[in-house]
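Asker: Once you've had a glance at the structure underneath, I'll fire off some questions.
The values are calculated or read from the model by the stated rules, or taken from the named source; none is laboratory data. Note that the structure is predicted; figures quoted are calculated from it, not measured. Backbone-built Cβ (ideal geometry, glycine too); neighbour counts: all protein chains shown.
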Amino acid sequence: MAQEHSPLEQFEIHPIIDLSFAGVDASFTNSSLFMVLVVGLLTLFTISATRGSALVPGRGQAMLEMAYEFIAAMVRDNAGRDAKPFFPFVFTLFMFVLGSNVMGMIPGSFTVTSHIAVTFALAALVFVGVTLLGFIKNGAKFLKLFAPSGVPLALLPLIILIELVSYMSRPISLSVRLFANMLAGHIMLKVFAGFVISLGSLGAIGVAAAVMPFALNVVLTGLEFLVAFLQAYVFAILTCVYLHDALHPEH
Amino acid sequence: MSDQQQDRDTDPDDRLDALGRRLHGLDRTARASQSAQREPAPMGRALQLGVDIAAGVGVGAFIGLMLDRLLATGPWLMIVFLFVGFAAGVRNVIRRASEFGVEDEAKNLDIGDEN
């Protein structure tokens, strides 16, 4: 029984509606369905939570205000006060990543952020946006980011090369971190759940032994919720750090 | 004269300012205890650093391969850029680690202020 279901099955993409534009496969897949679902639910949540806008907030409003204050403080502390116009962007990014991570914790659902195609698209958006912003705000002065002050002239070409590669590695580390954490966590949950099934079919001793992976799975589920939040937090905070670099390249 | 009457006599702006100061103080203590809880575990930090160094090496190797293909210079540029990528990865890690250091320092200062 256990052999028929691979722990990787949960990451398979199935087209729901076949579409193609100019020879490019643009089918509406289960991944797209869950992205639409996440965005829809988040929109519904924010609109319904702010509709009353009571002085003494209810549950939903208190939750949303907490998220708002959390991201507002993050943008202020990590990107600087002049980064305020980018708060909506960081907030949207954080809510989408957190929403998809938490949505993936529902058994039988699809984790959008466990695919590098999705996380790299988000990271590339941040990377291209921040680079353009740096050049628009600072012009050629943005290139100072690659040449730290106080470096001997002889070492400068090497340092610039290293800084350039370091800058290019940003979207890779940003996207790989999120995708690898979600992928590894969900595989781990499935593998231990598989142990429970295969041990349980071995009779009384097997059932007694199956308690261990089951208990571990309970603990891992809690850990996965922590990871879901932590990875969304890391994604948002790194976006703030990059925004800071684009606005103040001299530091 | 009771306390309330005194409140009524003073300028509303002054009272608002005093309230603002008190709220600010409460906010700071709340945030100090919150940031202590929110701090990622040491293992989480270490894993993040691993991704940083791997990304540097990977990007370096990729740039080297592409340049090699463009200039037909054998494996040499890939080897050079592998080392440059490694250096960039180390640079990433140093930058991140120094951010951690600054965070810890800021927290210590904050707690010191409260006393």
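Asker: Does at least one position in region A:37-55 carry a residue that is in contact (Cβ under 8 Å) with a residue 60 or more places away in the chain, more than 25 Å from residue A:104 (Cβ to Cβ), in a helix (DSSP H, G or I) and in contact with a helix residue (DSSP H, G or I) (Cβ under 9 Å, 6 or more places away or on another chain)?
Answerer: The answer is no; no qualifying residue exists.
Conditions tested, residue by residue: (1) over 30 Å from residue A:166 (Cα atoms); (2) at pLDDT 85 or above.
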site	(1), (2)
B:9	yes, no
B:22	yes, no
B:27	yes, no
B:35	no, no
B:40	no, no
B:61	no, yes
B:67	no, yes
B:71	no, yes
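Asker: For region A:184-204, enumerate the residues that are among the hydrophobic types (A, V, I, L, M, F, W, C), away from chain B (no Cβ under 13 Å) and in a helix (DSSP H, G or I). Break it down stepwise before answering.
Answerer: Initially, region A:184-204 is screened for residues among the hydrophobic types (A, V, I, L, M, F, W, C), giving A:184, A:187-189, A:191-193, A:195-197, A:199, A:202, A:204.
Remaining after also requiring away from chain B (no Cβ under 13 Å): A:187-189, A:191-193, A:195-197, A:199, A:202, A:204.
Result: A:187, A:188, A:189, A:191, A:192, A:193, A:195, A:196, A:197, A:199, A:204.
Asker: Would you mention how many residues in region A:102-117 are part of a helix (DSSP H, G or I) and touching a helix residue (DSSP H, G or I) at 6+ places or on another chain (Cβ under 7 Å)?
Answerer: Looking only at that region, the number is 6.
Asker: Looking only at region A:199-210, which residues are of a type in the set (A, V, I, L, M) and farther than 27 Å from residue A:183 by Cβ?
Answerer: The first filter runs over region A:199-210 and keeps only residues of a type in the set (A, V, I, L, M), leaving A:199, A:202, A:204-205, A:207-210.
Residues satisfying the conditions are A:202, A:204, A:205, A:207, A:208, A:209.
Asker: Further question on the same structure: Check A:99, A:134 and return the single one that is farther than 30 Å from residue B:85 by Cβ, more than 14 Å from chain B (Cβ to nearest Cβ), modelled with pLDDT of 90 or more and assigned to a helix (DSSP H, G or I).
Answerer: A:99
Okay, residues lined up against (1) surrounded by 20 or more Cβ atoms within 10 Å (Cβ to Cβ); (2) β-branched (Val, Ile, Thr); (3) over 14 Å from residue A:183 (Cα atoms):
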position: A:108; (1), (2), (3): no, no, yes
position: A:112; (1), (2), (3): yes, yes, no
position: A:125; (1), (2), (3): no, no, yes
position: A:130; (1), (2), (3): yes, yes, yes
position: A:133; (1), (2), (3): no, no, yes
position: A:137; (1), (2), (3): no, no, yes
position: A:141; (1), (2), (3): no, no, yes
position: A:150; (1), (2), (3): no, no, yes
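Asker: Let me ask something else. Go through A:152, A:148 for me and flag whichever is more than 19 Å from residue A:240 (Cβ to Cβ), within 14 Å of chain B (Cβ to nearest Cβ) and either not β-branched (Val, Ile, Thr) or not in a loop (DSSP other than H, G, I, E, B) (or both).
Answerer: Within the list A:152, A:148, the selection yields A:148.
Asker: Taking the options A:120, A:87, name whichever one is under 23 Å from residue A:175 (Cβ atoms), without any contact (Cβ under 8 Å) to a residue 60 or more places away in the chain, surrounded by 17 or more Cβ atoms within 10 Å (Cβ to Cβ) and within 14 Å of another protein chain (Cβ to nearest Cβ).
Answerer: A:120
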